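The values are calculated or read from the model by the stated rules, or taken from the named source; none is laboratory data. The shown structure was predicted, so the numbers you read here are calculated from the model rather than taken from an experiment. Backbone-built Cβ (ideal geometry, glycine too); neighbour counts: all protein chains shown.
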Amino acid sequence: MTIQELKEKVIESGIASVKKYEKGEQREGAIEGFELCRELNTPQECEKELKERRKKEIFDEDLRSDTKKYWRYRYATLQIEYWYEILKIAFCYPTISARAGIRYSQIVGVKKSEKK
């Protein structure tokens, strides 16, 4: 599986899950986040996007003063973080998410090794 195929598979399965389980601002933001992932192609682009989003979450007073707007934005950021954690494995970058490792193995078909 290529990185591009992995990227699309994570996005599509993520959007399907969000549509099934989330509502309101969380749903809208999460879908927005996964859609933004389509534009990110390198680890450097991912890091830059996340850095800018985190900075905005902290310092943008308009965003912070509107609860619905904030949570929509935050949920988008969370999906980008989740998506990037999975892709880090394919890029051979260190990851901090065990959940991402499990999801990666489910997608690419890594099987549990047998003990001998």
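Data overview
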| read-out | value |
| --- | --- |
| Every pair of residues 6+ apart whose Cβ atoms lie under 9 Å, when the first sits in the range 89-111 and is over 15 Å from Gln44 (Cα atoms) while the second is surrounded by 16 or more Cβ atoms within 10 Å (Cβ to Cβ) and polar (S, T, N, Q) | Gly101/Thr95; Arg103/Ser97; Tyr104/Thr95 |
| All positions within the range 1-25 that are over 17 Å from Arg74 (Cα atoms), small (Gly, Ala, Ser) and surrounded by 14 or more Cβ atoms within 10 Å (Cβ to Cβ) | Ser13 |
| Matching residues, the range 48-80, being surrounded by fewer than 17 Cβ atoms within 10 Å (Cβ to Cβ) and either of a type in the set (Ser, Thr, Tyr) or within 13 Å of the chain's Cα centre (by Cα) (or both) | Leu50, Ser65, Thr67, Leu78 |
| Of all residues making up the range 27-46, the number that are touching a residue at least 12 places away in the same chain (Cβ under 8 Å), closer than 12 Å to Ile80 by Cβ and not aliphatic (A, V, I, L, M) | 8 |
| Among residues of the range 1-43, those that are of a type in the set (D, E, K, R) and closer than 17 Å to Ile107 by Cα, counted | 5 |
| Leu87 more than 19 Å from Val110 (Cα to Cα) and not hydroxyl-bearing (Ser, Thr, Tyr) | no |
| Any hit, the range 109-116, residues being among the hydrophobic types (A, V, I, L, M, F, W, C), at pLDDT below 95 and either surrounded by 12 or more Cβ atoms within 10 Å (Cβ to Cβ) or not in a loop (DSSP other than H, G, I, E, B) (or both) | yes |
| Residue within the range 61-73 that is under 21 Å from Ile107 (Cβ atoms), modelled with pLDDT of 95 or more and among the small types (Gly, Ala, Ser) present | no |
| Close pairs (7 angstrom Cβ cut-off, 6 or more residues apart or separate chains): modelled with pLDDT of 95 or more in the range 3-14, not in a helix (DSSP H, G or I) anywhere | Ile11/Arg38 |
